[in-house]
Amino acid sequence: MNAYDFDLLVIGGGSGGVRAARMAAQRGARVALAEAQGQGGLGGTCVNVGCIPKKLYSYAAHYGESFEEARGFGWEGAAPRLNWAALKANRTQEINRLNGVYAHLLRAAGVTLLYGFAQLQDAHNVRLGTLNADGSAGHAQYSAERILVATGGTPHVPHFQGREHVITSNEVFDLEPFPQRLLVVGGGYIACEFASIFNGLGTQVTQLYRGEQILRGFDDEVRHFAAAEMQKAGVDLRLNAGVLAIHRAADGLHVQLEDGNQLVVDAALYATGRVPNVTDLGLARVGVAQNAQGAVVVNDVYQTNVPSIYALGDVTAQVQLTPVALGEAMALVDHLYGPPPGKQPRDMRYDLIPTAVFTHPNIGTVGLTEAQARAQFGQVTVFRSEFHALKHTLSGRTERTLMKLVVDTASDRVVGLHMVGAEAGEIVQGFAVAMRAGATKAVFDSTLGIHPTAAEEFVTMREPVAARPTA
Ligand SMILES: Cc1cc2nc3c(=O)[nH]c(=O)nc-3n(C[C@H](O)[C@H](O)[C@H](O)COP(=O)(O)OP(=O)(O)OC[C@H]3O[C@@H](n4cnc5c(N)ncnc54)[C@H](O)[C@@H]3O)c2cc1C
């Protein structure tokens, strides 16, 4: 046994920290996990103010659409109204339950839970800010052979006149009262998802994005298609647009736009990017290297330049997704404490990461965009299908679905798969397995479809789109 209090002290009880702490303890390490928000913070961004509450609200918004669509299927009567307070209360109850599940899993694995804000003191020591029984501030000090920084990210709002009036994704779930008019600023997946969700819940949504098109980094056709569908569904999406200033007045927030127009809204949500959560963490004191944006720099085994300090997940600002943080945590634990008996050490790979955007309709994607594939392989063959889903022949909705396959012509391997349409995330997950296994277009062609589904289109596309000039 070493002389430290713990073998591993994890800072941050989010997706990556919880998984690393639990797995390391299960391998026999003496592990502590520090979480600044107490038990209510366990699960981190994803559980408390990210993936989970967002998906619950997305379901709520889909109900609104379903009530309308049901008329085409013979259902009659007045559509139910949204009880925003009930939705918020039910969400809170579920998140509290999840926080408890995380605490239980960690304790059951033998992890010591430390509630308080942790700061690095040196390469092996952490100071924990705590509350004394009388409410006064106290602190405790712990030593560890290794320290893992898994403090995640936090929303970034640019400086402008009226910044104090806006909210971020951290506050949007508890908005009070329900916003009848919402401004969403940003064009990334978080901005687009909240624009779709509140639009679906009945809010009049205006979304502003500085760039030419939303969802930078996604396939260009997907970006244009999703933007058009969001607009069709009712989001007032304005591109090449920005805010000059915001003032509070009796009738709401007065938003002065760069193009000279003005909007009046009840709330303004800024989803303009996230930055690593490193404030007051003590990285500089200990000499942990950070990049220009503040992200902790790590090598391929998540080790910083201070050999006893590791970092993973959003604080390293690589691919900011929960399954990535989980994968990194498991790879790190295998590296430090060995894989489970009979298993190979887990290899974290950053290619073919499947992902979904819960806009309405959803986006699901895995692999390369058409442009990336052209740059990487030169010759690619593209298959594309766009259609009005069977359900909407009766629902009355004009929503369309897009599916697209990008194939490396030389090897016939499917290197990109993209969908905009209902349940795209659910559908793409299965195809991601096939692509990880190296499936070729010939394998897709030899797979029978499940009829009648939208997903079957991925295995029935036969005619490539005409060759397009390379950009
Ligand atoms: C609105 C939104 C929606 C998202 N939707 C999705 C989605 O659908 N799918 C998906 O895969 N990903 C989604 N993400 C991203 C996902 O939430 C993150 O990638 C993931 O949570 C990263 O995990 P992490 O462990 O790196 O950090 P986090 O989950 O952010 O956890 C960090 C934890 O560290 C704690 N902490 C910070 N500093 C200290 C300190 N000094 N001492 C002690 N504790 C500290 C924090 O309180 C927090 O609990 C979403 C994110 C947002 C914001």
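The values are calculated or read from the model by the stated rules, or taken from the named source; none is laboratory data. Bear in mind that the values here come from a model prediction, so they are computed numbers and not experimental data. A quick note on method: Cβ atoms are made from the backbone with ideal geometry, for glycine too, and the neighbour counts reach across all protein chains shown. Only protein heavy atoms, including side chains, enter the accessible area calculation; ligands, DNA and RNA are left aside. Shrake-Rupley method; radii C 1.70, N 1.55, O 1.52, S 1.80 Å.
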Item to complete: Mind checking which of G242, S136, G187 is farthest towards the positive end of the stretch 129-263's charge dipole, using Cβ charges of +1 (Lys, Arg) and -1 (Asp, Glu) about the Cα centre?
Response: G242
Discussion item. Please report the accessible area of T460 (heavy atoms, 1.4 Å probe, ligands and nucleic acids excluded) in Å², nearest 10.
Written reply: 60
Practice prompt. Quote the charge dipole size of the chain about the Cα centre in Debye, to the nearest 20; the model charges only the Cβ of Lys and Arg (+1) and of Asp and Glu (-1).
Written response: 520
Practice prompt. With +1 on each Lys and Arg Cβ and -1 on each Asp and Glu Cβ, and nothing else charged, work out how big the dipole of the stretch 1-136 is about its Cα centre, in Debye to the nearest 20.
Written response: 180
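For the stretch 192-277, give the magnitude of the charge dipole about the Cα centre (Cβ charges: +1 Lys/Arg, -1 Asp/Glu; no others), in debye to the nearest 20. List each step's numbers first, then the result.
Values: 7 positive and 11 negative charges, 46 e Å.
Charge dipole, the stretch 192-277, about its Cα centre: 220 debye, nearest 20.
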Worksheet, complete the sentence: the chain: Kirkwood hydrodynamic radius (Cα pairs, Å) comes out at 24.3
Worksheet, complete the sentence: Cross-link reach from K404 to lysines, straight Cα distance under 17 Å and at least 8 residues apart if same chain, gives K441
Fill in: For the chain, Cys with no neighbouring Cys Cβ under 4.7 Å
C192
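Calculate, for the chain, the solvent-accessible area per residue in square angstrom, rolling a 1.4 angstrom probe over the heavy atoms of the protein chains. Could the numbers behind the result be given before it?
On the way: 21910 Å² over 471 residues.
Result: 47 Å² of accessible area for each residue.
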Worksheet entry | the chain - share of DSSP beta bridges that are antiparallel (%, nearest 5) | 60
Fill in: Segments 307-316, 220-229, 197-206 sorted - mean Cβ within 10 Å per residue, highest first
307-316, 197-206, 220-229
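On full extension of the chain, what length is gained from Q213 through S411, given 0.36 nm per residue of separation minus the C-alpha to C-alpha distance? Provide the component values of the computation, followed by the final result.
Numbers: separation 198, 0.36 × 198 = 71.28 nm, distance 3.20 nm.
My answer for the length gained is 68.1 nm.
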Discussion item. Need one number: nm distance between label points at H139 and A86, each 7 Å from Cα along Cα→Cβ, rounded to one decimal.
Written reply: 4.9
Worksheet entry | Most positive-pole-ward Cα, Y102, A268, V443, against dipole of the chain from beta carbon charges | Y102
Response to the item:
Here, T381 and R462, labelled 7 Å along Cα→Cβ, have an inter-label distance in nm of 1.3
Practice prompt. Work out the charge dipole of the chain with +1 on the Cβ of Lys and Arg and -1 on the Cβ of Asp and Glu about the Cα centre, then indicate which of Y57, Q231, V415 is farthest towards its positive end.
Written response: V415
Fill in: Mean residue ellipticity (222 nm) of the chain, computed from DSSP H runs ≥ 4 via -39,500 (n - 2.57), nearest 500
-9500 deg cm²/dmol
Item to complete: Show me 28-37, 66-75, 163-172, 317-326 ranked by packing, highest mean number of other Cβ atoms within 10 Å first.
Response: 28-37, 317-326, 163-172, 66-75
Discussion item. On a straight-distance basis, which lysines could pair with K55 in a cross-link, Cα separation under 17 angstrom, same-chain partners fewer than 8 positions away excluded?
Written reply: K88
